[in-house]
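Single-structure report; data block below.
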Amino acid sequence: MYLQRRNRILRTNASIRSLVAETILTPNDFIAPLFIDEGENVKTEIASMQGYYRNSLDNTIAEVKELWGLGIKSVLLFIKCKDEWKDNTGKEAWNKNGLMQRSIKAIKDAVPDMIVMTDVALDPYSSYGHDGIVKDGEIVNDETVEALVKMSVSHAEAGADFVAPSDMMDGRIGAIREALEQNNFRKVGIMSYSAKYASCFYGPFRDALDSAPGFGDKKTYQMNYANRTEAIKETLMDIEEGADIVMVKPAMAYLDIIREIKNTVEVPVSAYHVSGEYAMIKAAAKMGWLDENKAIVESLTSIKRAGADLIATYFAKSAVQLLQGH
Ligand code: PBG
């Protein structure tokens, strides 16, 4: 048999496959999400996220140093707020001495070059577990944006490099950008969760922070997963309003959206490989149904191939260790 083209030539062995690989993961691709708790020497495994922990600040600092040593350049902070400090205004979110603010300072002091990003949304601080202020059973937009602005400025004051609004209120990026300018935080970036879908894959995260909505769901602010053009509209508006980095979330079930956004915008695109996506791999691996390490590398490579410049993932550390052959 004579063939003009034999595509398998480029797959003959590991060396040639490496030479022609189009997508290569590096530690610079990852953002490591961290869950921070009050107390000292606290390390609590999250039941639905096996192998992932909520750490007190002292343990978090040790973790950040380890991540930095592995070459990871960015962390995304989430804190667990005590129930007694939660209310409908979310005011603990901009407490100068709050756990988030103390954590930002302590991490920047310990590892100054680590890029510290902070989640901006009211849900961990809300007695209703919603991302915004609730009035008559509704999540009200404009008052929530005022709260998010205070929260963002307080994170900037504490030393955050990027604020990351994850709430999906209208107009919050413009309002936050304006407030950062007015308060002279000219070097603080905004990574906007611009195409964030109302997804069941956030379930384990809400266990981690005890932040599940007390009533209803998040469908009046997070996007309907049936929609594609809406993701582009949201993302382009966030860029116009001043977002430096945009995000698609979740990642694996939304690879088409990542690619479409990547082809449309001129800012870096991040993707959030969320808690439920982590939990699925962990659970299947525990059952012996999937090879965990292979599933991690294949999933993250797919997300990068789809167009993500950055990937927020609970597998950041494992992935880097795997890439380095540990
Ligand atoms: C808070 C927030 C959530 C996540 C990131 N920021 C939960 C939510 O929107 O309900 C989810 C992250 C994950 O599932 O890993 N607004």
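The values are calculated or read from the model by the stated rules, or taken from the named source; none is laboratory data. What you are looking at is a predicted structure, and each value in this text was computed from that prediction instead of being measured. When we count neighbours, we look across all protein chains shown, and the Cβ atoms used for this are built from the backbone with ideal geometry, even at glycine. Heads up: the accessible areas ignore ligands, DNA and RNA and are worked out on the full protein's heavy atoms, side chains in. Shrake-Rupley method; radii C 1.70, N 1.55, O 1.52, S 1.80 Å.
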Inset, instruction - Identify all residues within segment 255-306 that are touching a strand residue (DSSP E or B) at 6+ places or on another chain (Cβ under 8 Å) and closer than 19 Å to ASP238 by Cα; write none if there are none. - result: ILE257, ILE258, ILE261, LYS262, VAL265, VAL267, PRO268, VAL269, SER270, ALA271, TYR272
Inset, instruction - Kindly indicate whether any position in segment 59-81 is surrounded by fewer than 23 Cβ atoms within 10 Å (Cβ to Cβ) and more than 29 Å from GLU292 (Cβ to Cβ). - result: no
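Tell me yes or no: at least one residue of segment 23-35 is over 20 Å from LEU76 (Cα atoms) and either open to solvent by 40 Å² or more (accessible area, probe 1.4 Å) or in contact (Cβ under 8 Å) with a residue 12 or more places away in the chain (or both).
Yes, segment 23-35 contains a residue that is over 20 Å from LEU76 (Cα atoms) and either open to solvent by 40 Å² or more (accessible area, probe 1.4 Å) or in contact (Cβ under 8 Å) with a residue 12 or more places away in the chain (or both).
Can GLY307 be described as more than 16 Å from the ligand (Cβ to nearest atom), under 17 Å from the mean Cα position of the chain (by Cα) and not basic (Lys, Arg)?
yes
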Legend entry - Search result, residues across segment 124-143 that are open to solvent by 50 Å² or more (accessible area, probe 1.4 Å) and aromatic (Phe, Trp, Tyr): TYR128
Legend entry - Residue among LYS233, LYS219 that alone is open to solvent by 60 Å² or more (accessible area, probe 1.4 Å), at pLDDT 95 or above and more than 16 Å from the ligand (Cβ to nearest atom): LYS233
Inset, instruction - Kindly establish whether LYS187 is more than 20 Å from MET237 (Cα to Cα), open to solvent by 40 Å² or more (accessible area, probe 1.4 Å) and not in a loop (DSSP other than H, G, I, E, B). - result: no
Legend entry - Identity of the residue in segment 145-172, assigned to a helix (DSSP H, G or I) and among the hydroxyl-bearing types (Ser, Thr, Tyr), that ends up farthest from the chain's Cα centre (by Cα): SER154
Legend entry - Filtered residue count, segment 255-280, keeping only those that are away from the ligand (no atom under 13 Å from the Cβ) and within 22 Å of PRO204 (Cβ to Cβ): 3
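Could you grab me the full set of residues in segment 246-276 that are in a helix (DSSP H, G or I) and surrounded by fewer than 22 Cβ atoms within 10 Å (Cβ to Cβ)? Break it down stepwise before answering.
Taking segment 246-276 first, the residues in a helix (DSSP H, G or I) are 252-264, 275-276.
Across segment 246-276, the qualifying residues are MET252, ALA253, LEU255, ASP256, ARG259, GLU260, LYS262, ASN263, THR264, GLY276.
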Inset, instruction - Kindly indicate which of PHE205, PHE185 is of a type outside the set (Ser, Thr, Tyr) and touching a residue at least 60 places away in the same chain (Cβ under 8 Å). - result: PHE205
Inset, instruction - Filter segment 1-44 for residues that are under 24 Å from ALA319 (Cα atoms), part of a strand (DSSP E or B) and more than 16 Å from the ligand (Cβ to nearest atom) and give the result. - result: LYS43, THR44
